[in-house]
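The values are calculated or read from the model by the stated rules, or taken from the named source; none is laboratory data. The structure presented is a predicted model; accordingly, all values stated were derived computationally and were not measured. Cβ sites come from the backbone with ideal geometry, for glycine too, and all protein chains shown count toward neighbours. For accessibility, only protein heavy atoms count, side chains too; no ligands or nucleic acids. Shrake-Rupley method; radii C 1.70, N 1.55, O 1.52, S 1.80 Å.
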Amino acid sequence: LVGICVADLVYYAVTVVVLLVVLRRFVGEVGARATLMSALKALVATLVVIGLLWLALPLLPHWSGPLGGLAMVALYGGVGLAVILALYKLLRVQEIDLLFGTVKRLFKRV
């Protein structure tokens, strides 16, 4: 599971840099400083989750078989997602407020 976090970290970091370069080339100034700060906060949160998973993995139950593996991914992935969302909120990553606002509006419709 730690490998997934590291792979996501590298993928999204490279993607942000490439997209900022392309966007700046075609649009001009796009608030790169604010975007970089959000990316750095996301990096910190990701590293914290990687560290927590690395420490917790030996303590967590391991289930065998395909259903056990699926259950582990669902459970541990869900917990990891909850932790990283909480860290984003704690670090005041602006994009997370957009996400939470959108989810709140969707649930108000239901």
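Tabulated values for the structure
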{"quantity": "C-alpha long axis of helix 94-109 to longest principal axis of the chain, angle in °", "calculated": "70"}
{"quantity": "Selection of chymotrypsin sites (Phe, Trp or Tyr not before Pro), segment 3-86, meeting DSSP coil and at most 13 other Cβ within 10 Å", "calculated": "Trp63"}
{"quantity": "Rounded to 10°, Cα long-axis angle of helix 32-56 versus longest principal axis of the chain", "calculated": "10"}
{"quantity": "Acute angle (nearest 10 degrees) that the helix 65-90 long axis makes with the longest principal axis of the chain, alpha-carbon atoms", "calculated": "40"}
{"quantity": "Relative contact order of the chain, defined on C-alpha pairs under 8 angstrom at six or more residues apart (%)", "calculated": "30"}
{"quantity": "Surface share of carbon and sulfur [accessible, 1.4 angstrom probe, percent] for the chain", "calculated": "75"}
{"quantity": "Fraction in percent of alpha-carbon pairs per bin - 10 Å, segment 10-110", "calculated": "13, 31, 31, 20, 5, 0"}
{"quantity": "Contour excess over end-to-end distance, with Cα ends at Val6 and Leu52 and 0.36 nm allotted per residue", "calculated": "15.3 nm"}
{"quantity": "Probe 1.4 Å, accessible area per residue of segment 40-110, Å²", "calculated": "75"}
{"quantity": "Distance between modelled label sites at Ala82 and Val22, nm, 7 Å Cα→Cβ extension", "calculated": "3.6"}
